[in-house]
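Beneath this line is the structure, given in structure tokens, with notes to follow.
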Amino acid sequence: MWLARSARSWCTRERYGKDHATFEDTLAACAGWMRGVAVVYDDTPEEDIARWHALGARGTRCNALFSGGTSLSRMRAIADRVREHGWHLQLLVDVGADPDIVGRIADLGLPVVVDHFGHLPAESALESKGFQNLLSLVREGRAWVKLSGAYRISEQRKNYTDVAPLAEALLQANESRLVWGSDWPHPSIAAPMADDTDILDALAGWLSPDQWIKVLAENPRRLYWADSSPI
């Protein structure tokens with residue numbers, strides 16, 4: 001599950017499998033100024049989806065890279081389950097391993113958000129067909145990308161200069177389709193732990209002042225609060 005705080009899209013994740021109790025409690029306590037991304041499965045009751053929507057959920061996440069996530073093969077069925085609520089589909093996928101995956105999901109007719117630059121090695125991403133396809137989808141407005149998890153695709157433990165060309169390419173493609181997330185508390189990462197100061201410093205280096213406002217405020221407002229104004 002993901003929680004987005006106000007239009008600044010400050011995000012955190014708690015992983016409890018199918019148990020969304022903490023997710024629900026947090027959204028309920030924040031009473032409208034927070035948005036969340038749930039994980040819908042084949043057996044998730046319809047009443048749960050409706051309740052999550054009322055609380056502030058605006059998307060469902062498919063984690064195709066680690067165990068316990070929703071299967072990509074089930075995304076059409078999942079999309080049909082959340083379509084009436086206007087949710088987006090958030091994907092943790094390696095676009096290098098399957099260059100056409102994001103396009104196929106985008107064809108389902110719901111907004112698509114791709115985590116962590118497409119989750120492929122930064123050093124070879126620009127030459128990858130998968131990343132080039134992702135750039136095309138962003139340019140066309142058919143996909144969103146999170147400028148998150150740089151430490152997951154970089155060979156560096158700070159600065160992330162090898163990720164900067166990817167950020168630049170995405171910004172040139174369509175800066176209106178980019179959002180950000182801290183990826184805190186940085187799960188499944190070997191020591192040394194990512195430093196949030198380094199993450200923000202890298203982001204500040206990629207974005208101009210106007211882009212900073214767009215990526216951290218204006219874009220998430222359109223994505224997470226499309227049906228209302230954030231408090």
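Quick note: the coordinates plus some simple rules give every number you see, no bench work behind them. Because the structure is predicted, anything quoted here is derived from the model rather than measured. Note that each Cβ is placed from the backbone with ideal geometry, even for glycine, and that neighbours are counted across all protein chains shown.
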_All helices (runs of 4 or more DSSP H) inside region 165-231 with 3 or more residues being under 23 Å from residue 36 (Cα atoms), touching a residue at least 24 places away in the same chain (Cβ under 8 Å) and within 15 Å of the chain's Cα centre (by Cα)_ = 219-224
*Just one of 136, 148, 71, 128 is within 15 Å of residue 178 (Cα to Cα) and over 15 Å from the mean Cα position of the chain (by Cα); which is it?*
136
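Residues are listed down the side, and each one gets a yes or a no for (1) surrounded by 15 or more Cβ atoms within 10 Å (Cβ to Cβ); (2) on the phi > 0 side of the Ramachandran plot:
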position: 170; (1), (2): yes, no
position: 182; (1), (2): yes, no
position: 188; (1), (2): no, yes
position: 195; (1), (2): no, no
position: 201; (1), (2): no, no
position: 213; (1), (2): no, no
position: 219; (1), (2): yes, no
position: 227; (1), (2): no, no
*Just to be sure, is residue 178 more than 21 Å from residue 66 (Cα to Cα) and buried (at least 20 other Cβ atoms within 10 Å of the Cβ)?*
yes
_Is it the case, given these coordinates, that residue 207 is in contact with a helix residue (DSSP H, G or I) (Cβ under 8 Å, 6 or more places away or on another chain), surrounded by 14 or more Cβ atoms within 10 Å (Cβ to Cβ) and closer than 16 Å to residue 113 by Cβ?_
no
*Single condition residue 89 does not satisfy, out of (1) buried (at least 22 other Cβ atoms within 10 Å of the Cβ); (2) assigned to a helix (DSSP H, G or I); (3) in contact with a Gly (Cβ under 8 Å, 6 or more places away or on another chain)*: (2)
